[in-house]
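What follows is a single structure, written as structure tokens, with notes after it.
The values are calculated or read from the model by the stated rules, or taken from the named source; none is laboratory data. Bear in mind the structure is a predicted one, so any value in this text is a computation, not a measurement. Neighbour counts are summed over all protein chains in view; Cβ atoms, including those assigned to glycine, are modelled from backbone coordinates with ideal geometry.
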Ligand code: SF4
Ligand code: SF4
Ligand code: SF4
């Protein structure tokens, strides 16, 4: 028995395009905001998780790499990783990081801080990315791009590690956006 | 009414993260995400094949004998 294939099963290509574009020019990192806005619109307006269920490029990427390519070891995830404490804790941490990016961009925009043209992976590993930065751009615009690309790359690395060790879409269990949209949907339907 | 299969998928709604992986893999198109909150199989369509349980990253699905 074979599952039906739909156009959205190929959205994993967007993950590759996104990280490639950001590698060429960091300003493309702004496109990552699509992955922040769309799931929220689906959840708030539609009260559904259609973004996760169909249109998330990362979800599709993990499925393709883990199941189709067969890179996943498919181990059982430990209970604490699936637990509410970790899921909500990680969500708060992740969004705190996101708001910190906005704050740092504001500092750069207000000339309180100078532009840091580095991509930071896993909040510690700094990669010089200055060849991708086209000069002449407003510094806060570039700062936000560096920050968002760092966050997207960091979460992609964690998602890939989880895919390799546990089941293909294990990242989705504690994905901050997935947790947030499920929380919104549950709240919407709670009578 | 069509005869129900002897086994069916049962979702633990407390653990389910509504990721939709089960919807994607179900060959019978029996799985649905309800209110963006949890997965639930359509009883008349589920044949208890266990594909969903195999793929669920949260291990929220068990295939059980129908009561
Ligand atoms: S849980 Fe996160 S990674 Fe998974 S499908 Fe939803 S938004 Fe995408
Ligand atoms: S795969 Fe598991 S966690 Fe995801 S929606 Fe289905 S039952 Fe829920
Ligand atoms: S047990 Fe098989 S038929 Fe039933 S919901 Fe899961 S994948 Fe679909």
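Summary table
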quantity: Options B:67, B:5; residue that is farther than 24 Å from residue A:189 by Cα and touching a residue at least 60 places away in the same chain (Cβ under 8 Å); calculated: B:5
quantity: Residue check, residue A:149 assigned to a helix (DSSP H, G or I), touching a strand residue (DSSP E or B) at 6+ places or on another chain (Cβ under 8 Å) and either modelled with pLDDT under 95 or away from ligand 1 (no atom under 15 Å from the Cβ) (or both); calculated: yes
quantity: Residue check, residue B:25 more than 12 Å from the chain's Cα centre (by Cα), within 14 Å of another protein chain (Cβ to nearest Cβ) and under 24 Å from residue A:64 (Cα atoms); calculated: no
quantity: Pick from region B:30-47, criterion buried (at least 21 other Cβ atoms within 10 Å of the Cβ) and more than 10 Å from ligand 2 (Cβ to nearest atom), ranking: nearest to residue A:78 (Cα to Cα); calculated: B:36
quantity: Every residue from region B:11-22 that is touching a strand residue (DSSP E or B) at 6+ places or on another chain (Cβ under 6 Å) and closer than 21 Å to residue A:3 by Cβ; calculated: B:11, B:16, B:18, B:20, B:22
quantity: Residue list for region A:159-175, restricted to those being surrounded by fewer than 21 Cβ atoms within 10 Å (Cβ to Cβ) and in contact (Cβ under 8 Å) with a residue 24 or more places away in the chain; calculated: A:160, A:164, A:165
quantity: Criterion: over 19 Å from residue B:16 (Cβ atoms) and at the interface with another protein chain (Cβ under 10 Å from one of its Cβ atoms) - qualifying residue of A:113, A:3, A:68; calculated: A:3
quantity: Test for residue B:56: is it near ligand 2 (Cβ under 7 Å from one of its atoms), more than 8 Å from chain A (Cβ to nearest Cβ) and closer than 21 Å to residue A:56 by Cα; calculated: no
